[in-house]
Amino acid sequence: MLGNGFNVVEVLTSSFNILLKNPKILIPQLISSFVFTIISGLSRIALLSGLEGWFLTAFLLFLAGFIVYTVVSGMYPLMVKDVVNGVSPNLAAATHTALKKVISLIAASILVSIIVAIGLVLFIIPGLIFLTWFFYTVPALMLEDKGALEAMSASRSFGRDKKLKTLAVIILLGLAALIGSLFSLLPFVGQILSFVTGVVVAAWASITQSYIYIKMR
């Protein structure tokens, strides 16, 4: 057990080691990122070509991408639980379970996004507080068979005494994502490096929130 005062560096290191030792855990995030890349490209083509109904087309494309992203986010707590229990991550079982809970996952994702966005508009600090409250919503929803609102409440209760360290984890992962995005400025291979780094950091973030929740609940 990590205890209430978990070590931020230890948590991030342990989570990254899970990624290194189980590279197939990257596959769902790779698919999600690839889908979003294709959707962004198709949406731009529809816009630039003046395609009739381009807004509806773009909306439907991004909706499909959002659903894929939501299912993938729901897979990670289950895969990390497999690793913590000493077995190989079962991608098929994780996909099946996440699909069964996709409505709750979508509802939770939308609610958390709205609440955090409102908080960020209100002088930023409230948004950061809300972000730490609901950081563990997906693990709570997937691992404890809760609905959207129940999972958000469970996340808030779980993170009550971990706010500062949770915020530190979020900031450090955000910095890693920012650094990865800078690779896109490099000529030739920059876009590829940025894409690969983005996939790795996104998977790392999902693993980290799941790892903390599993180890400390």
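The alpha carbon gyration tensor of region 104-217 gives principal lengths a ≥ b ≥ c with a/c of 1.5 or higher and a/b greater than b/c, which makes the shape prolate.
Using r as the Cβ-Cβ distance of SER181 and LEU99, and R0 as 30 Å, what FRET efficiency do you calculate, to the nearest 0.05? It comes to 0.50. Highest mean packing comes first when the peptides 170-177, 138-145, 83-90, 32-39 are listed by Cβ atoms within 10 Å, giving 138-145, 32-39, 170-177, 83-90. Label-to-label distance, ASN90 versus ILE171, with points set 7 angstrom from Cα along the beta-carbon direction: 4.0 nm. Remark: spin-label model distance ASP161-GLU10 equals 1.6 nm, labels positioned 7 Å along the Cα→Cβ axis. With the charge dipole of the chain set up from +1 on Lys and Arg Cβ and -1 on Asp and Glu Cβ about the Cα centre, the Cα lying farthest toward the positive end among the listed residues ALA203, SER153, THR97 is that of SER153.
The residues of the chain expose on average 54 square angstrom of accessible surface per residue, using a 1.4 Å probe on protein heavy atoms.
Applied to region 160-170, the Karplus parametrisation 6.51 cos²θ - 1.76 cosθ + 1.60 on θ = phi - 60° returns per-residue 3J(HN,Hα) values of 4, 9, 10, 4, 5, 6, 5, 4, 4, 4, 4 Hz, with x for Gly and Pro.
For LYS146, the solvent-accessible surface computed with a 1.4 Å probe is close to 60 Å², ligands and nucleic acids excluded. The listed residues PHE158, PHE62 rank as PHE62, PHE158 when sorted by accessible area, largest first, using a 1.4 Å probe. About the centre of its Cα atoms, the chain shows a dipole size close to 340 debye [charges on the beta carbon of Lys, Arg (+1) and Asp, Glu (-1) only; nearest 20 debye]. Taking only protein heavy atoms and a 1.4 Å probe, the accessible area of the chain is 73% carbon and sulfur. Ranking SER194, ILE214, SER109 by how far each Cα lies toward the positive end of the dipole of the chain (charges on Cβ) leaves ILE214 at the top.
Annotation: peptides 187-193, 128-134, ranked by per-residue average of other Cβ atoms within 10 Å with the highest first, follow the order 128-134, 187-193.
What FRET efficiency, computed as 1/(1 + (r/R0)^6) with R0 = 45 Å and r the Cβ-Cβ distance, is obtained for LEU42 and ILE114, rounded to the nearest 0.05? So, using R0 = 45 Å, E works out to roughly 0.95.
The values are calculated or read from the model by the stated rules, or taken from the named source; none is laboratory data. Just so it is clear, the model here is predicted, and its values are computed rather than measured. So basically every Cβ, Gly included, is an ideal-geometry build from the backbone, and we count neighbours across all protein chains shown. To get the accessible areas, we keep the full protein, side chains included, count just its heavy atoms, and leave off ligands, DNA and RNA. Shrake-Rupley method; radii C 1.70, N 1.55, O 1.52, S 1.80 Å.
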